[in-house]
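Engineer: Once you've had a glance at the structure underneath, I'll fire off some questions.
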Amino acid sequence: VASDSRESVERLKEMFPGRIESQSREECGRPRDAACVELALVDLIALSLTRRLLGSHYSSFSEVATRLGNGDALFAGRDFTARTVRAKSCSRFLLWWTCS
């Protein structure tokens, strides 16, 4: 999971025990400092390598990750809802999604 929301990552880990991976944001200070930009680049590369991306609607980050990868993406609010994601097995997906 690539997310700037620690709460979203924790919620997904509770929903999908043992199937969620995410890098720590502890070393990230201000949102646009060098450490945060490096983490964002790692997230973009990792997301681009997935078979399918579940992304945030109207997110340039999700769009770039999709274009870097194979182009197979579903977007929240347009292609799926939280109920849809819970109903399907997401063990093969790396998600970038903010839980609401």
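The values are calculated or read from the model by the stated rules, or taken from the named source; none is laboratory data. From a predicted model like this one, the values you see are computed outputs, not experimental measurements. Glycine gets a Cβ as well: all are built from the backbone with ideal geometry, and neighbour counts include every protein chain shown. Heads up: the accessible areas ignore ligands, DNA and RNA and are worked out on the full protein's heavy atoms, side chains in. Shrake-Rupley method; radii C 1.70, N 1.55, O 1.52, S 1.80 Å.
Engineer: Ranked by accessible surface with a 1.4 Å probe, highest first, in what order do Ser8, Ser22 come?
Structural biologist: Reading off the accessible areas and sorting them downward yields Ser22, Ser8.
Engineer: Separate question: Considering only DSSP states other than H, G, I, E and B, which chymotrypsin sites (Phe, Trp or Tyr not before Pro) in the stretch 7-81 qualify as loop sites with at most 14 other Cβ atoms within 10 Å? Show your work: numbers first, answer last.
Structural biologist: On the way: sites: Tyr58, Phe61, Phe75, Phe80; in loops: Tyr58.
Filter output for the stretch 7-81: Tyr58.
Engineer: Determine how large the accessible area of Asp79 is when every protein chain is in place; take a 1.4 Å probe and give Å² rounded to the nearest 10.
Structural biologist: 70 Å²
Engineer: What distance in nm separates the two pseudo spin-label positions at Cys36 and Ser60, each 7 Å out from Cα along the beta-carbon direction?
Structural biologist: Using points 7 Å along Cα→Cβ, the separation is 1.5 nm.
Engineer: Scaled to the compact-protein estimate 2.2 N^0.38 Å, what is the alpha-carbon radius of gyration of the stretch 4-48, rounded to two decimal places? Display every interim value, and only then the final one.
Structural biologist: On the way: Rg = 11.6 Å, N = 45, 2.2 N^0.38 = 9.3 Å.
Working it through for the stretch 4-48, the quotient is 1.24.
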